1. Which condition number does Leu71 fail, the rest of (1) within 16 Å of ligand 1 (Cβ to nearest atom); (2) under 22 Å from Leu149 (Cα atoms); (3) among the aliphatic types (A, V, I, L, M) being met?
2. When Ile118 is evaluated against the numbered criteria (1) free of Cβ contacts under 8 Å to residues at least 12 places away in the same chain; (2) under 19 Å from Pro80 (Cα atoms), which criterion, by number, is the only one it fails?
3. Among Leu221, Leu262, which is the only one that is more than 16 Å from ligand 1 (Cβ to nearest atom), of a type outside the set (Lys, Arg) and under 19 Å from Met295 (Cβ atoms)?
4. Residue by residue through region 90-104, note down the ones that are within 17 Å of Leu147 (Cα to Cα) and assigned to a loop (DSSP other than H, G, I, E, B).
5. Just to be sure I understand, how many residues within region 46-89 are within 16 Å of ligand 2 (Cβ to nearest atom) and in a helix (DSSP H, G or I)?
6. Identify all residues within region 181-204 that are over 15 Å from Met255 (Cα atoms) and touching a strand residue (DSSP E or B) at 6+ places or on another chain (Cβ under 8 Å); write none if there are none.
7. Quick check: is even one residue across region 213-231 buried (at least 18 other Cβ atoms within 10 Å of the Cβ), in contact with a Ser or Thr (Cβ under 6 Å, 6 or more places away or on another chain) and of a type in the set (S, T, N, Q)?
8. Could you please find all residues in region 101-114 being under 19 Å from Tyr38 (Cβ atoms) and more than 6 Å from ligand 2 (Cβ to nearest atom)?
Amino acid sequence: MQNMCSQAALAGIPFFTEQHREVIRTVARKYPMRVTPYYLGLIREPGDPIYRQCIPSEEELTDASGQSDPLKEDDHSPLPRLHHRYPDRVLLVVTNNCAMYCRFCTRKRNISDRTTAITNEELARVEEYLNDHEEVHDVLISGGDPLTLPLESLENVIRAVRNIPHIDIIRIGTRIPCVDPERVTEKLCSMLKKYHPLYINVHFNSPAEITPRSQKACSMLADAGIQLGNQSVLLRGVNDSPEVMKELLRKLLGMRVKPYYLFIPDMVTGTGHFRTSLETGLEIIHSIQGWMSGMATPQLVIDMENGGGKVPLSPEYVIDKEDGKYTFRNFENKLYAYTDFQPCQNPV
Ligand SMILES: *Cc1c(COP(=O)(O)O)cnc(C)c1O
Ligand code: SF4
């Protein structure tokens, strides 16, 4: 594991006082810390959006809200590492390792320095399961971060999935282009492009994460013909304002990344200081929808507790509805009437 640093590296950064460092050490004993030198270098001042995402905060220990596994992900696993929650697609957790441990992570409970990656036996059982389940057409390779696997291990997983005839698309979820962009190499790209149709969802939360280096990583992947989407989390003090969110979305489109989901943070213990209200999320979407390119608008989603799955949220555009007569408001809050098509009830 080259190219990563932990608490020791903070000593070299002037704005971490001894008091800061003591807090960080205490929190990191419960929730480990890891950040790449590249990402650490993007911090401009304590408490800024980059800092909040990667530096342990005292609030992680005082937050008693939520649960460690609110989504009950561990209950929808037919096999270790495989989650089959939706009819036609599965989530395959290939590692619990990440290049950086995001302080707001939903899988805080699993992320640790004790790395476990998918074994050949586990992969063989997953293949068997997928071969038997012809209704599955989409395999989402996730983690942890799949791009932390050695190239050959990652290729073994992708090849195995690609060899199953009824699997149409393969998706990879990764934060590497954002937190350790140098790991996106020509070698990685030429391996990935052999397995199309392949989609990658990256994870950027702040416009400050979009730098010449992360732009280069994304354009290398896009040049390999990979469709790039972005999944963000709505985080207090990071991106919970229309101005910041709009700047992020514009910059994403500018590097050929299509905003896909904007998640309301899950109720995970130790992450309460990142939560915002649904209302804030809806207001942000209302400020984007119609005001920016439709290509820029992500779907706001909330993952239901206890395994309910993702539910889309949208500002209310239907103001009134009676006898097939609708009143809509548009993006500017102007009202418009619409009469729905009525099939003829009494044909003559
Ligand atoms: C999010 C998720 C998926 C993928 O869902 P999409 O809405 O298709 O992106 C698949 N399985 C699980 C368990 C998930 O949480
Ligand atoms: S990269 Fe993803 S899985 Fe890893 S710590 Fe960050 S949010 Fe969690």
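1. Of everything listed in (1) within 16 Å of ligand 1 (Cβ to nearest atom); (2) under 22 Å from Leu149 (Cα atoms); (3) among the aliphatic types (A, V, I, L, M), Leu71 misses just condition (2).
2. All conditions are met except number (1).
3. Values: Leu262 fails: more than 16 Å from ligand 1 (Cβ to nearest atom).
One residue alone meets the criteria, Leu221.
4. Val94, Asn96, Asn97, Cys98, Ala99, Met100, Tyr101, Cys102
5. Residues of region 46-89 within 16 Å of ligand 2 (Cβ to nearest atom): 49-57, 60, 66, 68-71, 73-74, 81, 83.
With in a helix (DSSP H, G or I) added as a condition, the list becomes 49-54, 60, 73-74.
Within region 46-89, residues that are within 16 Å of ligand 2 (Cβ to nearest atom) and in a helix (DSSP H, G or I) number 9.
6. Leu192, Tyr195, Pro197, Leu198, Tyr199, listed by residue number.
7. Scanning region 213-231, I find no residue that is buried (at least 18 other Cβ atoms within 10 Å of the Cβ), in contact with a Ser or Thr (Cβ under 6 Å, 6 or more places away or on another chain) and of a type in the set (S, T, N, Q), so the answer is no.
8. Selection gives Arg103 alone.
The values are calculated or read from the model by the stated rules, or taken from the named source; none is laboratory data. This is a predicted model, so every value here is computed, not measured. Don't worry about glycine lacking a Cβ; one is built from the backbone with ideal geometry, like all the others, and counts go over all protein chains shown.
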